[in-house]
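Asker: Before anything else, here's the structure in question.
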Amino acid sequence: MSTDDQSAVADQYGVLIDGTERDASSGETIAVYDPATGDRLTDVAAGTAGDVDEAVSVAHEGFETWRGYTPAKRCRILNDVARAIREEKERFARIETLENGKPLSEAIGQVERCARHFEYYGGLADKVEGESIPLDDGHVDYTIREPVGVTGHIVPWNVPIYLFARSVAPALAAGNAAVVKPAEETPIGALELTRLLHENGVPTAAVNVVPGEGVAAGAALSGHPDLGTITFTGSSATGREVGKAAIANLTEPHLELGGKSPLVVYDDADLDVAVAETVKGIFATNTGQVCSASSRVIVHETVSEAYVEKLVAAVEDLSIGPGIDDHDVGPLASAAHLDRVAEYFDVGRSEVGDPVVGGNVLDRDGYYVEPTVFADVPQDARILQEEVFGPVLTVSTFADEAEAIQRSNDVDYGLVAGVVTTDMGRAHRFAREVDAGQIYVNEWFAGGNETPFGGFKDSGIGRENGTQAIHNYTQIKNVCLDISE
Ligand code: NAD
């Protein structure tokens, strides 16, 4: 690490409640490691259920202050936050790369998305409108959209800074307060970002961060009885637990979960486009640790050989190394995750034999694996059905449109589906028939902060992003007046 990199991260972090950092009530800490080297970066407080209780209670006070600001004032503050994030883009990007491992240019892009989110929802803060409902001459009826109170946010380690903003920005815009539980591997971005929010006018009690273990701080937050909503982004298995805990308190859960997303390559496709989008979708973005990764290619049988040949050449060209040096493929985010991905190399080998490229853990410091492609994978193989959450791709073939759609839908997940074709009729039929929250045509990761994002089936409940996400954080009150003489 250079001096610049080191100065982006403090030597120790605490729980951040009402703007004050302090030790966890247990005094315990969690070490955070640099995935590029395996070296310790910092220690972070291991927040407890007691710390979560205090954060929620303080957030209720913050809620009263923040909801009292006019919508126009909240709008200005959130726009100031966006500007301040942009001014410090380099610093936040270094933090994201140091704690998660992703290439620096990608981290800069994610910090920009984070800033854009505060700008976008800042723009909506004064447009949270109700309706007037016509009844009869004797009544006036209207609705008010009110904030829900204190909102809980549980964030994963793969895109920590942007995913913090994805739910916290609309929650604040609608007038709520927040308690955030970042992932144990990547808590620094959330803590540094919250300080920036406070410095730019968000009341200190309105955003609080309790880092800690999922089974301790995370479970305490998802089961807390005094929340208005809980937004969880993470694996489907944990999402089920969080959903159950929330519903037990009749708290509304928003669940953004895993995926195993198909990229269908038709015989009319430009194969260079298909290969470029595949590489971007599963290898050269966050080392495949993306919920919406293009983890399953389904290619027409007449072009599969040519596609695989071009794909292998492109994969062999990718550079692997520390994110801070901006390689194409960085390390995986943690030693534990490296073990999980390596296990899937064994699963794939036992199911379909050696991969056509990759399949090894690199013998060097840090958590590096090779981008890996298994070809001719049958539909029921675990390597095709289960989310690996790493740079591991399966390729299988199809004979006609019906089979492409059937294979696309034949997994438990339904987050994203993409198609590469020059026939727009086919693309529209694909969009109509495939069960997924997002359809990408000729471009993987198409869309942005403004477009709804969420999953069908086991990929989740609800949608983030876009104008409607602000309604995740409001509740409707109907007011009806008798005005008869
Ligand atoms: P994870 O479910 O292990 O952890 C996510 C968060 O939940 C972490 O903060 C963790 O500490 C916390 N947690 C763990 N156990 C908990 C419990 N019992 N109660 C409450 N909280 C708990 O997921 P992960 O491995 O950190 O993230 C990867 C997963 O996230 C993948 O499945 C990926 O697809 C998914 N993801 C989804 C989206 C989306 O928008 N759909 C975005 C990013 C990641």
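The values are calculated or read from the model by the stated rules, or taken from the named source; none is laboratory data. Fair warning: this is a prediction, and the values are worked out from it, not measured in the lab. So basically every Cβ, Gly included, is an ideal-geometry build from the backbone, and we count neighbours across all protein chains shown. SASA here: full protein model, heavy atoms, side chains in, ligands and nucleic acids out. Shrake-Rupley method; radii C 1.70, N 1.55, O 1.52, S 1.80 Å.
Asker: Can we say VAL179 is open to solvent by less than 10 Å² (accessible area, probe 1.4 Å) and not in a strand (DSSP E or B)?
Answerer: Considered against the rule, which asks whether it is open to solvent by less than 10 Å² (accessible area, probe 1.4 Å) and not in a strand (DSSP E or B), VAL179 comes out as no.
Asker: Go over the candidates GLY14, GLY62 one by one and state the one that is touching a helix residue (DSSP H, G or I) at 6+ places or on another chain (Cβ under 6 Å), buried (at least 19 other Cβ atoms within 10 Å of the Cβ) and touching a residue at least 12 places away in the same chain (Cβ under 8 Å).
Answerer: Among GLY14, GLY62, only GLY62 is touching a helix residue (DSSP H, G or I) at 6+ places or on another chain (Cβ under 6 Å), buried (at least 19 other Cβ atoms within 10 Å of the Cβ) and touching a residue at least 12 places away in the same chain (Cβ under 8 Å).
Asker: Residue check: is ALA177 touching a residue at least 24 places away in the same chain (Cβ under 8 Å) and more than 13 Å from the ligand (Cβ to nearest atom)?
Answerer: Yes.
Asker: Let me ask you something else. Can you tell me which residue among ASP34, ASP43, ASP51 is open to solvent by 20 Å² or more (accessible area, probe 1.4 Å) and touching a strand residue (DSSP E or B) at 6+ places or on another chain (Cβ under 6 Å)?
Answerer: ASP43
Asker: Considering only segment 152-169, how many residues are in contact with a strand residue (DSSP E or B) (Cβ under 8 Å, 6 or more places away or on another chain) and assigned to a helix (DSSP H, G or I)?
Answerer: Selection size over segment 152-169: 5.
Asker: Something else now. So for segment 245-257 (the condition being touching a residue at least 60 places away in the same chain (Cβ under 8 Å), touching a Gly at 6+ places or on another chain (Cβ under 7 Å) and small (Gly, Ala, Ser)), does at least one residue qualify?
Answerer: no
Asker: Being of a type in the set (D, E, K, R), within 10 Å of the ligand (Cβ to nearest atom), in a loop (DSSP other than H, G, I, E, B) and surrounded by fewer than 24 Cβ atoms within 10 Å (Cβ to Cβ) narrows it down to one residue among GLU184, GLU241; which is it?
Answerer: It is GLU184.
So that you can scan it fast, the table gives a plain yes or no per residue for (1) among the aliphatic types (A, V, I, L, M); (2) farther than 20 Å from GLN385 by Cβ:
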| residue | (1), (2) |
| --- | --- |
| ASP326 | no, yes |
| ALA335 | yes, yes |
| ALA342 | yes, no |
| GLY353 | no, no |
| VAL361 | yes, yes |
| TYR367 | no, yes |
| VAL373 | yes, no |
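Asker: Separate question: Taking segment 406-444, which residues are small (Gly, Ala, Ser) and assigned to a helix (DSSP H, G or I)?
Answerer: Across segment 406-444, the qualifying residues are SER408, GLY425, ALA427, ALA431.
Asker: In segment 247-355, which strands (runs of 3 or more DSSP E) lie fully inside it and hold 1 or more residues that are at pLDDT 95 or above, under 25 Å from the mean Cα position of the chain (by Cα) and surrounded by fewer than 22 Cβ atoms within 10 Å (Cβ to Cβ)?
Answerer: 252-256
Asker: Then there is this: Go over the candidates ASP458, ASP435 one by one and state the one that is touching a strand residue (DSSP E or B) at 6+ places or on another chain (Cβ under 7 Å) and within 14 Å of the ligand (Cβ to nearest atom).
Answerer: ASP458
Asker: Now for a separate question. Within segment 124-137, identify whether any single residue is in contact with a helix residue (DSSP H, G or I) (Cβ under 7 Å, 6 or more places away or on another chain), within 28 Å of VAL290 (Cα to Cα) and either open to solvent by 10 Å² or more (accessible area, probe 1.4 Å) or assigned to a loop (DSSP other than H, G, I, E, B) (or both), and answer yes or no.
Answerer: Within segment 124-137, one or more residues are in contact with a helix residue (DSSP H, G or I) (Cβ under 7 Å, 6 or more places away or on another chain), within 28 Å of VAL290 (Cα to Cα) and either open to solvent by 10 Å² or more (accessible area, probe 1.4 Å) or assigned to a loop (DSSP other than H, G, I, E, B) (or both).
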